[in-house]
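Each remark here refers to the structure printed beneath this line.
The values are calculated or read from the model by the stated rules, or taken from the named source; none is laboratory data. The structure displayed is predicted, hence computed values, not measured ones. Here Cβ is always computed from backbone atoms with ideal geometry, including for glycine, and neighbour counts include all displayed protein chains. Protein only, heavy atoms only, side chains kept; ligands, DNA and RNA dropped before computing areas. Shrake-Rupley method; radii C 1.70, N 1.55, O 1.52, S 1.80 Å.
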Amino acid sequence: MTWEAWVMASLGVAVLSAVLLVLALWLRKKELRRRIESPRGSASRRALQLARDVEGKGQLVAFVANPSKPDVALLRAAIERSRRERHLPEPLWYETTVADPGVGQTRKAVAEGADVVVAVGGDGTVRAVAEGLVGTGIPMGLMPLGTGNLLARNLDLPLSDPLEAMRIALDGRDRTIDVGWLKVITWESEVDGGTVGEEETQRDHLFLVIAGLGFDAAMVADTDEQLKRRVGWIAYFVAGFKHLHGRRTRIHLVLDDQPMRSARLRSLLIGNCGKLPGGITLLPDAVLDDGWLDIAAIDTRAGIAGWAQLWGEVMMQGVGVRNDLPAKIGRIDHTRAQEVRLVVQGGEHVQVDGDLVGRVAELSARIDPGALVVRVGAV
């Protein structure tokens, strides 16, 4: 079979997979809503049991919820209904805002004596709650209701059963994990004496899964929000097609105290862990509590053929198979470090855990070992 045939076959499989995944996401959302809305069904009984468990343990639970998620109101109603039936004390409940996506609410919960803070929402809410809890020793629980639910995937938490996720948040075991910090040193707008825009005032960004520069961040920047609400994380791949023929980026990179190296790449990924939606593992060696950042340099040449080979590389490394042949038109090269510094010729898009940071000319990243406690399931 010629390489053209391999490419067409790969694209056909990708399209079919996308259709099946859209159907699966729709069915999952429908089932999730049915479980939460059922006033007399298993969801209500499980919420009631959870309330009893909380009362017995004497935990003060705080929820930090993103009200824009359609299932948040239903979930709160199910918890409140069960609480009233048992005349139990009311948990702390905070809702995020555009101005404060959860950091301030989390710090307020800590100040009011919360024993556990549960992030109810997507990856942005999880990042904000984590930032408010870093260094406190107070555990973070997760009730994933977002598009990617990246940290929840890497912690093997349930993605389609919010009440089971809440059970783990309240009754699970504590695990200490690392967090990453990305610092913007120079915005693209500051090059050649420009001024910083209003949206570029924040320079320090926490990430729990992957920060990226280049193709992946441009894909995040161009994702249609309405499409994302309808089909979930598949919308990112739709946006990615716009950039398959984009330019490669010249990057100057320093890892720890090593000499500077330069390369032309499609993306540079800096990760704390590596599982993504769709069964994709970009960083197979990354471990959440090993004290290292895992770095992946991604490059392709020769158009669609290079992307097809890269896709094959990603799929193979996800099942433990590595292709170390040097002459590849699509490749992903791995290393690790505790600190990273890079300069991008001309500036480039940057993202953290699927949230766009902006266009950056120079940045640094570091690992913060053991900075966060999370609630996970039994071993």
Step by step: first the residues of the stretch 337-370, then only those that are open to solvent by 60 Å² or more (accessible area, probe 1.4 Å) and polar (S, T, N, Q), then the one that is modelled with the highest pLDDT. Which residue is that?
Q338
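Can we say H245 is outside any helix (DSSP H, G or I), loosely packed, with under 15 Cβ neighbours inside 10 Å and at pLDDT below 80? It would help to see each step written out before you state the result.
On the way: outside any helix (DSSP H, G or I): yes; loosely packed, with under 15 Cβ neighbours inside 10 Å: yes; at pLDDT below 80: yes.
Yes; evaluated as a whole, the condition is true for this residue.
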How do the pairs read when you match residues in the stretch 154-166 that are in contact (Cβ under 8 Å) with a residue 12 or more places away in the chain with residues anywhere that are among the charged types (D, E, K, R) and outside any helix (DSSP H, G or I), using Cβ under 8 Å and keeping only pairs 6 or more apart or on different chains?
N154/K275; L155/R175
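Which residue is surrounded by the fewest Cβ atoms within 10 Å (Cβ to Cβ), if the candidates are limited to the stretch 203-212 and must be of a type outside the set (V, I, T) and not in a loop (DSSP other than H, G, I, E, B)?
So in the stretch 203-212, the residues of a type outside the set (V, I, T) come out as 203-208, 211-212.
Imposing the further condition that a residue be not in a loop (DSSP other than H, G, I, E, B) reduces the set to 204-207, 211-212.
Values: D204: 9, H205: 22, L206: 21, F207: 27, A211: 28, G212: 28.
My answer is D204.
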Within the stretch 256-265, can one find any residue that is touching a residue at least 12 places away in the same chain (Cβ under 8 Å), surrounded by fewer than 16 Cβ atoms within 10 Å (Cβ to Cβ), closer than 30 Å to D156 by Cβ and not acidic (D, E)?
no
Considering the stretch 177-202, residues that are of a type in the set (A, V, I, L, M), out of contact with any His (no Cβ under 7 Å at 6 or more places or on another chain) and under 29 Å from P369 (Cα atoms), and then whichever is surrounded by the fewest Cβ atoms within 10 Å (Cβ to Cβ), we arrive at I185
Check off (1) farther than 30 Å from G346 by Cβ; (2) outside any helix (DSSP H, G or I) for G278 and give me the number that stays unchecked.
(2)
Checking R322 against (1) touching an Asp or Glu at 6+ places or on another chain (Cβ under 6 Å); (2) open to solvent by 40 Å² or more (accessible area, probe 1.4 Å), only one condition comes out false. Which one?
(1)
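Quick grid of which residues meet (1) at pLDDT 95 or above; (2) touching a strand residue (DSSP E or B) at 6+ places or on another chain (Cβ under 6 Å); (3) more than 23 Å from N149 (Cα to Cα); (4) buried (at least 22 other Cβ atoms within 10 Å of the Cβ):
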| position | (1), (2), (3), (4) |
| --- | --- |
| G271 | yes, yes, no, yes |
| G274 | no, yes, no, yes |
| A302 | no, no, yes, no |
| E313 | no, yes, yes, no |
Filtered residues of the stretch 213-232 (kept if of a type outside the set (K, R), touching a residue at least 60 places away in the same chain (Cβ under 8 Å) and under 26 Å from A99 (Cβ atoms))
A217, V220, A221
State whether one or more residues within the stretch 193-200 are polar (S, T, N, Q) and within 28 Å of A297 (Cα to Cα).
no
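Select, from D333, D290, the only residue that is open to solvent by 40 Å² or more (accessible area, probe 1.4 Å), in contact (Cβ under 8 Å) with a residue 60 or more places away in the chain and touching a strand residue (DSSP E or B) at 6+ places or on another chain (Cβ under 9 Å). Reasoning before the result, please.
Working: D333 fails: in contact (Cβ under 8 Å) with a residue 60 or more places away in the chain.
Step by step, each of D333, D290 is checked, and only D290 is open to solvent by 40 Å² or more (accessible area, probe 1.4 Å), in contact (Cβ under 8 Å) with a residue 60 or more places away in the chain and touching a strand residue (DSSP E or B) at 6+ places or on another chain (Cβ under 9 Å).
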Might you let me know whether the stretch 321-330 holds any residue that is under 23 Å from the mean Cα position of the chain (by Cα) and in contact (Cβ under 8 Å) with a residue 12 or more places away in the chain?
no
Do you know which of the residues in the stretch 259-275 that are closer than 24 Å to L206 by Cα and part of a loop (DSSP other than H, G, I, E, B) is farthest from the chain's Cα centre (by Cα)?
R266
Of everything in the stretch 190-202, what is assigned to a helix (DSSP H, G or I) and more than 11 Å from E362 (Cα to Cα)? Give them in sequence order.
D192, G193, E198, E199, E200
